[in-house]
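Only the coordinates and a few stated rules stand behind these numbers; no lab work does. Since the model is a prediction, treat every value here as computed from it, not as a measurement. Neighbour counts run over all protein chains shown; Cβ positions are idealised from the backbone, glycine included.
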Amino acid sequence: MAKFAQRFMKPTFDYDRSLFEGLIWEEPHSKGTDTYSVELHVKGFSCECAGFTFRGKCKHTQIVNDRVEQAIDGEVPEYYIV
């Protein structure tokens, strides 16, 4: 049995589950040496970083959430090449 239960961060936007569910965004590690996968599930976002495992939220999920919310609202989100 896993030590920690799977956690999810609820998105701040309404979304069509069939369109967004299962999408994965690669967000850079704060030291720039690696990336973390942020995935959108039926229950919300998950991230493989240690911070998300302990707190159920992290800067990686918040960045992706904000970017998607901007795109849904018609704004051009800021992207960068990893």
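Aspartates and glutamates near LYS10 by alpha-carbon distance under 14 Å, same-chain residues fewer than 8 away left out - which ones? Straight-line reach from LYS10, under 14 Å: GLU21, GLU39, ASP66, GLU69.
If you plug the beta carbon distance of SER30 and GLN70 into 1/(1 + (r/R0)^6) with R0 = 22 Å, you get a FRET efficiency near 0.50.
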